[in-house]
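Engineer: Let me begin by handing over the structure; questions about it come next.
Taken together, the values in this text are just the output of simple stated rules run on the coordinates, not laboratory data. For clarity, every value in this text was computed on a predicted model and none was experimentally measured. Counting neighbours? That spans all protein chains shown, and the Cβs are built from the backbone with ideal geometry, glycine included.
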């Protein structure tokens, strides 16, 4: 079982910063980790576990906290792995994956734009879909979806 | 009786018109308006008007022809609703362009922006003044018509670059630079190919060149020169595969990106005028103009206006070849184009000059003396 | 090319170039000329307002069998175009409006209902409609269907709104109707009653579009020996599952939330 | 000199902006800018029922609607714990492969036009229309199909459809020869496209590039083979690769993919002929089984425990690997839907594969990426 092996390896390497590996049908699993080891975890997974390809980066707004998730693909095992970390809602910051996977650039800009997660060390963390200077992060639950006038006015004032 | 030429027709029309006017005026004024100088002046204007009308009509017909032909190559129909088989579609388009507002970008240079399409149009029209379409057109008027035509033809990059520079747009600028580079590069092989023709015919006069082809058309001995000339003409006319200056995929519309309305129509028309000129030159230099080799039955070649009819048929066939190429080939890149021009076309043209010289030399040999040698 | 692996079904090799340039540009020129010859008489375009692919005669003439196909020949009449509404059979169940993802259906009153419960039929705003067909899929009576008509251009934006009468006119014009009936799961949920909560208010049976709810007497409580039976007769709804179209109107009008979706068993 | 190529530019095939820094005609740096077509599909999905999101998927990528429907439906089926019947799966695979052919034909048309050759544009669009006709004949629409449902598909293919489909596939195979003649048979095409836009395998992997771009670099990776979803493990096909990593390689890969798609379609058609059956799962929750929004769903939730779950699905879309991540918190709507667009990443890698070439090379290179801005901006 790939998942069990990986779980043991991660636990040995990252100790209590590795919060567990949940089963996820069709994937190796869902690794929950502490955001403080993000960069080391990325490098470890890429270099030693063969997850060479970053498939997606996204964020979820759980109102009380935000979750950032990554999906990795291993060419060796032909399978996916999901990483997930909880970030505090008032300071959603995590290390950028761009130095590890250059392809993370656009993904992280998108996550910043839509969910408002800051990626430290990102070379060019600007909005990607929304106009520069836009006030909201649209995929947050606090987005005033029912007051379109407000959105329009604020967008125009930029 | 002198052979009827286009100018004599114009002269007769002018004389008739002025005579009519003279009858309406008092005697002194009538004498003044029917003076030979006045008649000659009006005749020139009428001549120019006829030329203008003929060339513009042909150009518009040419656009229709290309649209229909290209449509068939692409498995579609082309223009088909305005007029019979869409013949009047281009007039409708022209009317639409006439009615459109001409927008000049704020930062564009006014003089250059307006002057460039006008000058482009005028020079393109000017060439028709020297092209003999058939025996009765304007033959014998100038001794160096071929050179004159090519000189006027090569004004174009100047105006294109002027318009591109004046419209203050990066795409236009790149397009203009490409256009200048390409046209200058292809002037050389074109002229060299023409030199081959001149060597063979011994004249710079287009009428003489055509008349020299009574026995055999020049494309057979000068096939290489023909290829060089056609390729060069494609580049000069800025048609696919050499239409880099207005490569719409990367440069939007190239050097006429900023032009709209009537100014764009000028560019468009002038482009097709030049295409017409190119086809006509190919016919004149290589396909025997309005003549047929002597073994063609004379019934085919001696009906009234046969010269003009056959000439236009050949011209349209040559243009059809250009359309065919456009339908089948992608665009080349600037560096490839220039490399092709300098590295392939120029040597080929030089080779064809040598071939022409060999042919001329062979004609002088007594063994092959059946072909009359050329004077001069 | 005739022995391309994909054609013969044999295990194919790496991707190979099937064509090589021969004599520079002769091959594409020849191909274009071939197409020119082929389309000289009949190019593949459809002269649209005069030839129409939905015309059966035309499309069978230019189908795959014709050798130079423009369409695939037989196309089944299931294009999702303008809606046709049969006002007569509409039961005002609201399902089309509920199902519309674009909220472009509004139920408007049409003449023919009783004053207390006016008959309501859908009015569709084609300015918003995305022609997904959810409404016609949802329609339990098959009275709202989609036709093959696709020409919708109008001069005024207000004309984009099709009233029930206008859709009825479409229905009467006998256009081919979308014959597709959506697959429905065998084991649909049904509406169930939570008896202790019911107050017998008749709201559900009054508003049921198919009249499949009947109120039946129930003994409220078994009288104790020697006690008089309760004077008031309690009623509660009984739902006829085979007539029910599962529109949920009863659930939404129930003042006590005592109706709910439950499995059939 | 910085040039804005876009948002209104013939090269873009959509609405995005490529800022190019050039020296003379040579590209030194590029900067793609997105967002001109952002419609907030992820946000809208959070406020729609699962089946209603499908209408958005068709509009997400307008040339590969079926693939995106399949993507979202697979993810939501995993999140909602629903299994579709086999016939529905085969119909989905058939649709997705027909879609791949249609999308690649669209790509072919647009790509060759970028090279200045307009004729194949018409050829490609003409033949794509046949595939769209097929779609129309069983889904009812030409581009916005709304065909798949959670738990199956909307309807079965009509009687006689499979024969019609086979004939069209035969016809298309014959046309592909003509396409190759027009492109590969032309010296100018080869001179333009060989060694152009080279993105070698290690860089392609690092940049997250997927799809034909990756396979043209020699990486044999195709989710249909590597991680077979739906019934791709039941059908026989091959993954074409080349190692040139250039525009010609991408052309070759896509052309062969179309042939392989024809092969898959034929197997699906044979299976469909032999195995009639239902196309929608039984025992669906009431509000999913119906094609319409639930009424009183809140009341339903009050009475029942509804499963929550996560759904993750990756699909080999014509442009590359598309992904969907659906979070079902037991509510009426998905709590969060995240899509991975292959095009966004493939465009992003332009920073790597464009510099060094010329302005005239931008259209063919970007054309070989197969840009679909609808899915890129979502």
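Engineer: Kirkwood Rh, the range D:73-211, all Cα pairs: how many Å?
Structural biologist: Evaluated on the range D:73-211, it is 17.6 Å.
Engineer: Further question on the same structure: In which sequence would B:343, D:258, B:262, B:233 go, from the one with the fewest C-beta neighbours within 10 Å to the one with the most?
Structural biologist: B:343, B:262, B:233, D:258
Engineer: If you take every DSSP beta bridge fully contained in the protein assembly as shown, what fraction is antiparallel? Give it as a percent rounded to 5.
Structural biologist: 90
Engineer: May I ask you to work out the translational diffusion coefficient for the range B:6-63 at 4 °C, viscosity 1.567 mPa s, via Stokes-Einstein with Rh from the Kirkwood sum over Cα pairs, reported in whole µm²/s?
Structural biologist: It diffuses with D of about 106 µm²/s by this estimate.
Engineer: Nearest-5 percent of antiparallel DSSP beta bridges in the range A:1-145?
Structural biologist: Counting DSSP beta bridges with both partners in the range A:1-145, the antiparallel share is about 80 percent.
Engineer: Which order do B:277, C:72 fall in if you start with the one that has the fewest other Cβ atoms within 10 Å?
Structural biologist: B:277, C:72
Engineer: Please order D:203, A:132, D:46 by the number of other Cβ within 10 Å, starting at the fewest.
Structural biologist: Starting with the residue having the fewest Cβ neighbours, the order is A:132, D:203, D:46.
Engineer: Given a Förster distance of 22 Å, report the FRET efficiency between residue C:216 and residue C:109 from their Cβ-Cβ distance, rounded to the nearest 0.05.
Structural biologist: It comes to 0.10.
Engineer: Roughly how many nanometres apart are two label points built 7 Å out from the Cα toward the Cβ at residue B:107 and residue A:134?
Structural biologist: 2.8
Engineer: Size of the protein assembly as shown along its principal axes in angstrom, Cα-based, largest extent first?
Structural biologist: 145, 77, 63
Engineer: Between helix A:104-115 and chain A, what is the angle of the helix's C-alpha long axis to the longest principal axis, kept within 0 to 90° and rounded to the nearest 10?
Structural biologist: 50
Engineer: Follow-up question, since we're still on this one. For residue A:63 and residue A:19, what is the calculated FRET efficiency with R₀ set at 22 Å and r taken between the beta-carbons, to the nearest 0.05?
Structural biologist: After rounding to 0.05, the efficiency reads 0.60.
Engineer: Give or take rounding to whole Å, what are the principal axis extents of the alpha carbon atoms in the range B:100-366, in descending order?
Structural biologist: So the three principal-axis extents are 69, 42, 34 Å.
Engineer: Give me the angle, in degrees from 0 to 90, between the Cα long axis of helix D:50-60 and the longest principal axis of the Cα atoms of chain D, rounded to the nearest 10.
Structural biologist: With rounding to tens, the tilt is 10 degrees.
Engineer: With each label point set 7 Å from Cα along the Cα-Cβ vector, what nm distance links residue C:199 and residue A:90?
Structural biologist: Placing both labels 7 Å along Cα→Cβ, they lie 4.6 nm apart.
Engineer: Residue A:124 to residue A:36: extension gain in nm, 0.36 nm per residue of separation minus the Cα-Cα distance?
Structural biologist: 29.6 nm
Engineer: Chain D: Rg/Rh from Cα coordinates, Kirkwood Rh?
Structural biologist: Across chain D, the Cα-based Rg/Rh ratio is 0.98.
Engineer: Under a crude label model (7 Å from the Cα following the beta-carbon direction), how far is residue A:8 from residue C:153 in nanometres?
Structural biologist: Going from the residue A:8 label point to the residue C:153 one covers 7.1 nm.
Engineer: Of the candidates B:25, B:131, B:62, which one comes out as most mobile in a Gaussian network treatment of chain B with C-alpha springs shorter than 10 Å?
Structural biologist: Sorting by GNM fluctuation, first place goes to B:25.
Engineer: Let me ask something additional. Take the alpha carbon gyration tensor of the range B:248-349, find the square roots of its eigenvalues, order them as a ≥ b ≥ c, and report rounded if a/c is under 1.5; if not, report prolate when a/b exceeds b/c, else oblate.
Structural biologist: Oblate, because a/c is 1.5 or more while a/b does not exceed b/c.
Engineer: 222 nm [θ] for the protein assembly as shown, helices only, -39500 (n - 2.57) per DSSP H run of 4+, per residue, to 500?
Structural biologist: -14000 deg cm²/dmol
Engineer: Along its principal axes, what span do the Cα atoms of the range B:156-217 show, with the longest given first and each in whole Å?
Structural biologist: 53, 18, 15
Engineer: On to the next question. Please find, in a Gaussian network model of chain B (springs between Cα atoms separated by less than 10 Å), the residue of B:143, B:304, B:189 whose mean-square fluctuation is greatest.
Structural biologist: B:304
Engineer: Pick from D:127, D:58, D:273: which is most flexible by mean-square fluctuation in a GNM of chain D where alpha carbon atoms under 10 Å apart are linked?
Structural biologist: So, out of D:127, D:58, D:273, the one fluctuating most is D:273.
Engineer: For the range C:101-158, what's the radius of gyration and Dmax over Cα atoms, in angstrom?
Structural biologist: 13.3, 38
Engineer: Still on this structure, I have one more. I'd like the FRET efficiency for residue C:34 and residue B:54, computed as 1/(1 + (r/R0)^6) with the beta carbon distance as r and R0 of 30 Å, rounded to 0.05.
Structural biologist: Step by step, r from the Cβ atoms, then E = 0.25.
Engineer: Calculate the length of the line joining the C-alpha centroid of the range A:1-17 to that of the range B:86-136, in whole Å.
Structural biologist: The range A:1-17 and the range B:86-136 have Cα centres spaced 75 Å from each other.
Engineer: Just want to confirm a number: the relative contact order over the range C:83-172, from Cα pairs under 8 angstrom separated by 6+ residues, in percent.
Structural biologist: 42
Engineer: In Å, the Kirkwood hydrodynamic radius of the range A:1-67 over pairs of distinct alpha carbons?
Structural biologist: 12.9
Engineer: What average count of beta carbons from other chains do you get within 10 Å of the Cβ of residues in C:35-44?
Structural biologist: Per residue, the number of nearby Cβ atoms from other chains is 6 on average.
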